[in-house]
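Take a look at the structure below.
None of the figures in this text is laboratory data; all of them are computed from the coordinates on show. What you are looking at is a predicted structure, and each value in this text was computed from that prediction instead of being measured. Cβ placement follows ideal geometry from the backbone for every residue including glycine, while neighbour counts extend to all protein chains displayed.
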Amino acid sequence: MKLYTKISIALILGGAAGLIANIGELEWLTDALIFIEPIGRAWIRLITMIVIPLVFASLIMGTTGLGDITKLGRIGGKTVAFYLCTTAIAVTIGLLVSNLIVPGSRIDEATLAALRNTDPSQGAALVELAAERPSLMQLILDMIPSNPIAALASGDMLPIIVFAIFFGAALSALPVERRAGVVSFFDGVNEAAMVMIHWIMKLAPYAVFALIGAVIARFGLEVLNSLLLYAVTVVAGLILHVTITYPLALRFLARVNPMAFFRRVRAPQLIAFSTSSSNATLPLTMETAEDDLGISTSVSSFVLPLGATINMDGTALYQAVATMFIAQIWVGDISLVGQLTIVLTATLASIGAAGVPSAGIIILIVVLQQALPPSVDPAAGIALILGVDRILDMIRTAVNVTGDLTTASVVAHSEGESLAPGVSIDRAA
Ligand code: ASP
């Protein structure tokens with residue numbers, strides 16, 4: 001049985017067990033599912049353990065393997081431009097569906113009054129967290145590590161990327177015999193990391209069962225009554241983005257068969273869904289890009305870690321819908337200028353969101369502060385939508401990872417790479 005099939009079965013069984021515990025109010029089953037949840041958490045730690053060594057080693061390999069180092073500037077420019085474009089499209093789709101469905105206006109008066117009275121205290125803690133964020137200039141400065149070992153130790157992705165590229169570039173400037181030892185060392189690290197991923201993935205179905213069972217068992221189904229339309233709007237937007245934007249980009253910019261692409265990226269999508277973390281999914285995303293899509297290490301080792309850190313189409317789209325929903329609840333509609341502010345702030349805010357669970361809702365506070373009138377309390381807005389956020393986080397993370405893999409395919413094609421047979425339109429299976 002394929003790994004993807006096993007993970008799917010685990011997902012369905014875990015979801016069903018959680019749902020039975022939830023609907024049937026079976027306390028013993030809920031307790032049992034919560035008891036085994038640490039199996040899932042342990043697995044997330046196991047796969048996250050690979051992220052830093054893998055990114056560091058593969059990026060050094062990727063940079064030295066480029067041959068011509070100026071290529072890197074070109075790849076970087078294309079990657080960032082494509083990331084920004086797809087994110088802006090995602091936000092626009094989010095605004096479109098919010099204007100069409102108007103999730104905040106189809107709520108009866110009694111529910112509306114209850115929603116407006118949501119206790120803001122839960123949101124207040126997150127607002128405090130958001131206020132601790134450094135300034136833009138500081139963020140840019142922080143990309144240059146004053147101590148690369150400290151960056152590696154604390155897992156700061158952007159400074160690690162900067163140092164690995166710089167180091168890889170310097171390495172490729174050395175005569176072959178001087179660099180051979182270092183290159184083969186990092187090659188070995190890279191290969192060993194890949195073997196570790198294979199082993200860890202064998203345990204994935206158990207982890208998925210444990211994670212999903214606990215999430216669904218804990219989920220308050222009653223919150224769906226008032227937030228269902230909001231959740232449906234987010235999911236509708238995400239579905240549109242995945243079924244229109246990505247297939248078009250794949251077909252016309254990467255010359256990739258979208259159906260074949262989606263068949264091959266199912267495993268990272270499911271793991272992103274189960275873990276709600278692009279970072280934890282990154283090792284599998286990289287393996288899928290190289291082994292299943294045929295993307296070179298040079299492209300995947302750069303585009304994907306950068307994507308897990310700055311490219312969050314699903315998160316940006318969700319932020320647009322959430323902002324519109326909160327506005328509709330408190331101030332009615334939002335002007336065109338206000339909506340354009342959302343496009344800008346949500347695009348930038350999603351870049352600042354880390355690839356970890358719930359990062360999106362913390363950064364949403366920044367969007368709310370920028371785009372909504374001061375009469376709307378961001379803490380109350382956040383508290384309002386918190387109930388369904390865990391589930392939406394899972395779905396948007398799967399979209400974020402799909403966006404990273406789409407971009408990697410587009411960039412690889414634009415660099416003259418032909419993707420795997422069966423995926424590439426130009427190469428039969
Ligand atoms: N969990 C998301 C991710 O890792 C970020 C978010 O909260 O939207 O991609």
Net charge dipole size for segment 28-116 [Lys, Arg +1 and Asp, Glu -1 on Cβ; Debye, nearest 20]: 400 debye
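Averaging over all projection directions, find the projected area of the Cα convex hull of segment 276-373 and quote it in nm² with one decimal place.
With every direction weighted equally, the projected area is 6.7 nm².
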With point charges of +1 on the Cβ of Lys and Arg and -1 on the Cβ of Asp and Glu, referenced to the Cα centre of segment 127-241, which listed residue (175, 198, 232) lies farthest in the positive direction of the dipole? 198
Return the Rg/Rh ratio of segment 1-102 with Cα-based radii and a Kirkwood Rh. 1.17
When ranked by the protection proxy of mean other Cβ atoms within 10 Å per residue, highest first, what sequence do the peptides 30-37, 206-213, 170-177 form? 206-213, 30-37, 170-177
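What whole-number value in cubic angstrom gives the convex hull volume per residue for the C-alpha atoms of segment 1-58? Could the numbers behind the result be given before it?
On the way: hull volume 5.5 nm³, N = 58.
In segment 1-58, the Cα convex hull volume per residue is 95 Å³.
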Considering only 243, 79, 285, give the residue with the highest GNM mean-square fluctuation for the chain, with springs between Cα atoms whenever their separation is below 10 Å. 243
Which residue fluctuates most in the GNM of the chain (Cα springs below 10 Å): 372, 203, 348? 203
Label-zone membership for segment 392-429, site residue 259, 7 angstrom Cα→C-beta point, backbone N under 19 Å: 420-429
For the chain, modelled as a GNM with alpha-carbon contacts under 10 angstrom, which of 150, 289, 204 fluctuates the most? 150
Counting Lys +1, Arg +1, Asp -1, Glu -1, what net charge surrounds residue 184 among other residues with beta carbon under 14 Å of its beta carbon? -1
Whole-Hz Karplus ³J(HN,Hα) for segment 5-22, in order, using 6.51 cos²θ - 1.76 cosθ + 1.60 and θ = phi - 60°, x for Gly and Pro? 5, 4, 5, 4, 4, 4, 5, 5, 5, x, x, 5, 4, x, 5, 4, 4, 6
In whole Hz, with x marking every Gly and Pro, tabulate ³J(HN,Hα) for segment 97-102 from phi via Karplus 6.51 cos²θ - 1.76 cosθ + 1.60, θ = phi - 60°. 5, 5, 6, 6, 7, 6
As an exercise, take the mean of 1/r over every pair of distinct alpha carbons in segment 132-208, invert it, and state the Kirkwood radius in angstroms. 15.3 Å
Sketch the reach of a paramagnetic label on residue 85 as a point 7 Å from Cα along Cα-to-Cβ, and name the residues of segment 387-419 whose backbone nitrogen lies under 12 Å away. 407, 410-411, 414
The helix 336-352 Cα axis meets the longest alpha-carbon principal axis of the chain at an angle in degrees, between 0 and 90 and rounded to 10, of 50 degrees
Taking only the C-alpha atoms, wrap a convex hull around the chain and report its volume per residue in Å³ as a whole number. 144 Å³
Give me, ordered by chain and number, the residues 5 or more places off residue 256 or on other chains with an amide H under 5 Å from its own placed amide H. 251, 425
FRET efficiency for residue 147 and residue 240 from the Cβ-Cβ distance with R0 = 45 Å, rounded to 0.05, comes out at 0.55
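Using the beta-carbon distance between residue 5 and residue 370 and R0 = 30 Å, what value does 1/(1 + (r/R0)^6) give for FRET efficiency, to the nearest 0.05?
On the way: r = 44 Å, r/R0 = 1.48.
FRET efficiency, residue 5 to residue 370: 0.10.
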Reduced to Cα centres, the span from segment 33-94 to segment 288-343 in Å works out to 14 Å
Among 246, 256, 381, flag the residue with its Cα farthest along the positive direction of the charge dipole of segment 240-381, charges on Cβ as +1 for Lys/Arg and -1 for Asp/Glu. 256
Summing -39500 (n - 2.57) over every DSSP H run of at least 4 in the chain, dividing by its residue total and rounding to the nearest 500, the 222 nm mean residue ellipticity is -26000 deg cm²/dmol
With label points built 7 Å along Cα→Cβ from the Cα atoms of residue 176 and residue 340, find their separation and express it in nm. 5.7 nm
Length gained when the stretch residue 223-residue 425 is fully extended (0.36 nm per residue, less Cα-Cα span): 68.2 nm
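Using unit Cβ charges (K, R positive; D, E negative) and no other charged atoms, how large, in debye to the nearest 20, is the dipole of the chain about its Cα centre?
900 debye
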Enumerate the residues in segment 34-67 having an amide nitrogen under 20 Å from the point lying 7 Å beyond the Cα of residue 13 toward its Cβ. 34-44
